[in-house]
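Here is the structure we will look at, set down as structure tokens.
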Amino acid sequence: MRFELKDFQETAVKKLLKDVRRAKSEAADGELQAIILSSPTGSGKTVTVTALMEIILRGDETSNGDPKAVFLWVSDSPELNEQSRNKLLQASSIFKPNDLQIIDATFDQERFTSGKVYFLNTQKLGKDKSLVVKGDKRTFTIWETIRNTQAAEPTRLFVVIDEAHKGMAENPQARNLANSIVQKFIKGSDGELPPINLIVGMSATPERFLNLLDSRRISRRTEIDAADVRASGLLKDSIIVRIPDEEQPSDWSLLRAATESWKRFSDEWQHYADAQKVDALVKPILVVQVEDGDQKKLTKTDLQTTLETIEAVTGRFNDDEIVHCFQEDSLLEIAGYKIKKAEASKIQDNHNIKIVLFKMSLTTGWDCPRAEVMMSFRTAKDHTLIAQLVGRMVRTPLARRIESSEVLNSVSLYLPYYDKAGLQSVVEKLSKPDPEVNLGIEVKIGSETIELKKDPTKQELFDVLSELPSYTIERITKATKVVRLIKLARQLNLDKIDKDAWDAAKDLVVNTLQTEAERLRKDSSFAAAINEKQEISIRALTFDYGELKMNDGVKETIQATPDNIEELFDWCGKQLGEGLQMEYWRKTSDPNLNDPLKAKIELFLVLQDDKARKNLEEVCGQRLQELFTKHSHEIRKLPTSANEKYRKIRQQAKDPEPFTLIYPDSIQDKKGKTKYKHHLYVDENGEYQAELNEWEQTVLNEEMAKPNFIGWLRNIPRKQWALCATYRKDGEIKGMYPDFFIFRKVGERIVVDMLEPHTTSLADASYKAVGLAEFADKHGEFFGRIELINKVNDSLKRLNMCDEAMREKVKKITSNDQLNYLFDEV
């Protein structure tokens, strides 16, 4: 893959692959199979299935691929076919342009060609279409091509049904006439097509597809959790909706505000590109949804005034920077512009386009992460349509969060013809976790939201914050220490931090493997396996929570033929990565001997040995930590986008590892009635707005009254920049976000305290207390105080985890009653 899969995508691919292997085995016995990917909008279904197809063809670390596999990708429109092909071509490192063929009227083959993906849309399969009828220029109908391919390779033809919820309505007429093309693939059609043995369905809402499957077909379902998609950074964090104030003229003033917001996005992206020193600049799009027209008018919205209002903010555009997506194909001449029609699916990749005018047509083929501001002239009755459109706009342009700006992690929506009731309807629609509309992304009301910026006088305090350790509780795919070391060393080399790290890391792995081989050669059974080469016993290897483990009960014996040995050697390469198996072979094999396969068998047997793998992991883990410690300062100085790569390597550890946070230049927060001084993020008046509860207010007042107090930060839970400590409950690692960071001046030194007001009436109180104590065990030197605070008889009681004696007491508690006892003692 050209793209690095998100962790939830990797997990889904592994599950799908297991399902495919079981399905192929059962299909060989005549059982019809369906493998279903249930994946919400914005989760990258096409990328996930592309990775699956690559492994089916080429194999992975657990098995070899099948180069004779062939894929037929079915969707319901030519535009979606083209869009899917382009995505697949961008994502895949295996499929080349000539491997991805769109089936058109000229297609005529007896069978599909192995190793290729064919794209077919259902609109071409009606009885009046040339693909399904023989003629002077057609030898085979498309039904015959599909039928012949499956007959020749019953377990190698995969039919991928894109957006499998479409065309699934089951009714007597559909059963009798088989008029749904998709149903023909699933159930077969007399005289045309038998049921397809292996079907892969992919959809946000596959229930109708599942209901259509009868008892003849075995179905296996892989689900992607919407929460994992949100956590991955593939989707924006928030949608900010704005309607006019009651006294404010609505339409043109809000259009002007929308244009100013779009201009702000453009400026923010430029600032980000300059700060990150990257050439690839995201160019945001303003989409303007206008009203329907009638026989006399193209639209009831005044397009002349629309463009003049936008132009008053931005200045004059070039003709190719404004396009329309109206049903009419004609060139529009408005406000001195010649505006061409654009296909919705092609807007994202045309970086000249800045303004898009449309009515309703963007719901089909619309996938444009650059569309970050939308203005709609439609009325409140269209809230479902608007929610669907915005649901297609929430993808992040860089497929990840922007660490330095919360603005760039949001979408702005302007609705001049909505009142409070209408606003509530669209907010409810956007907030509802409906996979066809959205993913329950946070929706903020523009009038209730405020942007806060770093206080420039508090830079010293931000410098202290940037040194503090934090953890992540995201469900990240774990990796072995070998893989993490090589990734880290390569990244250090690419960033010119340590030009020797990569070669040194590869040498370390190879030398350790050679040392383990020397140890194993003293074992007679190992030596016999190498020398006799008659049969090789294989133990199945699994990867679980960052560890490679052998399945002792699963063994296989194969003949040590050259082909088999090469397959085992390829397996070694997939375990080690980075071509390390070839490094080992070059250093270990003797070119003067007539036995070039010996070193390959040896490497395979070394990696099958439990002790050898354990020793290799220990050595690589030690070097990993050495490199992180040695280069921590240089890594922190990197641009935030580069720094994120190192954070990911840390997150892939079996056990959570600490990392430092990146604090954005600005944040978006809810407006509050109370204003505070000395916060690190402030409004234009140098103040922070918040609604603190009585308990939090009391804690903050006490801290602010101290003579050495110099600043504070509210640690907002689950923000990308929020410091997270961990605790364990019922065997599961969870995250906690202490409420306040208090900054004090002690002599010439700035000291930061971490305070967590937390009532002991909550079920998690004792677990969090132990978690804070364990955090202080590891990282107490970064803080003056780490306090758990409870209100007892109208007074605040504090347990300071930086006090060793207190910390040891807290670590021993197992209940809230025991925690209350400790508070009573202080």
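The values are calculated or read from the model by the stated rules, or taken from the named source; none is laboratory data. Quantities reported herein were computed from a predicted structural model and do not represent experimental measurements. Using ideal geometry, Cβ is built from the backbone for each residue, glycine included, and neighbour counts are taken over all protein chains shown. Protein only, heavy atoms only, side chains kept; ligands, DNA and RNA dropped before computing areas. Shrake-Rupley method; radii C 1.70, N 1.55, O 1.52, S 1.80 Å.
On full extension, the segment bounded by ILE102 and LYS706 gains 210.3 nm, given 0.36 nm per residue less the C-alpha separation. Given labels modelled 7 Å from the Cα in the Cβ direction, how far is it in nm from ASN64 to LYS778? With each label point 7 Å from Cα toward Cβ, the separation is 4.3 nm.
Provide the packing ranking of 770-778, 250-258, 408-416, 93-101, i.e. peptides ordered by the mean count of other C-beta atoms within 10 Å per residue, highest first.
Descending packing order for the listed peptides: 408-416, 770-778, 250-258, 93-101.
Set the Förster radius R0 to 35 Å, insert the Cβ-Cβ distance between GLU207 and ASP294 as r into 1/(1 + (r/R0)^6), and round the FRET efficiency to 0.05.
With a Förster radius of 35 Å, E is 0.35.
Placing R0 at 56 angstrom, the Cβ-Cβ distance between ASP329 and SER114 gives a FRET efficiency of 0.90 after rounding to 0.05.
Taking 0.36 nm per intervening residue step and subtracting the Cα-Cα distance, what contour gain separates HIS271 from ARG586 on full extension?
Numbers: separation 315, 0.36 × 315 = 113.40 nm, distance 4.79 nm.
Fully extending the segment from HIS271 to ARG586 adds 108.6 nm.
Please work out the FRET efficiency for the pair LYS729 and ILE750, using the Cβ-Cβ distance as r and a Förster radius of 25 Å; give the result to the nearest 0.05. Efficiency, rounded to the nearest 0.05: 0.15. Within the chain, DSSP assigns beta bridges of which about 45% are antiparallel (rounded to the nearest 5). Between ASP500 and ARG400, full extension at 0.36 nm per residue minus the direct alpha carbon distance yields a gain of 33.0 nm.
Rolling a 1.4 angstrom probe over the protein heavy atoms, how many square angstrom per residue are accessible across the chain? Mind showing how you got there, number by number?
Numbers: 37450 Å² over 826 residues.
Here the residues of the chain average 45 Å² of exposed surface.
Determine, for each peptide in 40-50, 602-612, the mean count of other beta carbons within 10 angstrom over its residues, then list the peptides with the highest first.
On the way: 40-50: 24.9, 602-612: 19.9.
Ranking the peptides 40-50, 602-612 by packing returns 40-50, 602-612.
The distance linking region 252-308 with region 668-693 is 30 Å (Cα centroid to Cα centroid, whole angstrom).
The antiparallel fraction among DSSP beta bridges confined to region 8-162 stands at about 20%. Placing a pseudo-label 7 Å from each Cα along the Cα-to-Cβ vector at THR629 and VAL132 gives an inter-label distance of 7.0 nm.
Tell me whether the chain comes out rounded, prolate or oblate; compute the Cα gyration tensor, take square roots of the eigenvalues as a ≥ b ≥ c, and use a/c under 1.5 as the rounded threshold.
Numbers: a/c = 1.93, a/b = 1.07, b/c = 1.81.
It is oblate, given that a/c is not under 1.5 and a/b is not larger than b/c.
In the structure shown, do any of LYS6/LYS768; LYS481/LYS812; LYS6/LYS614; LYS454/LYS637; LYS6/LYS600 have a Cα-Cα gap over 21 Å, and if so which? Pairs exceeding 21 Å: LYS6/LYS768; LYS481/LYS812; LYS6/LYS614; LYS6/LYS600.
Using helices alone, what [θ] at 222 nm do you get for the chain, with -39,500 (n - 2.57) per DSSP H run of 4 or more residues, divided over all residues and rounded to the nearest 500?
Values: 26 runs with 312 residues, N = 826.
Here the helix-only value at 222 nm equals -11500 deg cm²/dmol.
Quick check: net charge around ASP503, other residues with Cβ under 15 Å of its Cβ, Lys/Arg +1 and Asp/Glu -1? Around ASP503, the charge tally is +3.
With both partners inside region 666-780, how many of the DSSP beta bridges are antiparallel, as a percent to the nearest 5?
Numbers: 20 of 21 bridges.
Here the antiparallel bridges make up roughly 95 percent for region 666-780.
Carbon-plus-sulfur fraction of the accessible area of the chain, 1.4 Å probe, in percent? Walk me through the numbers before you get to the answer.
Numbers: 17420 of 37450 Å².
The computed percentage sits at 47.
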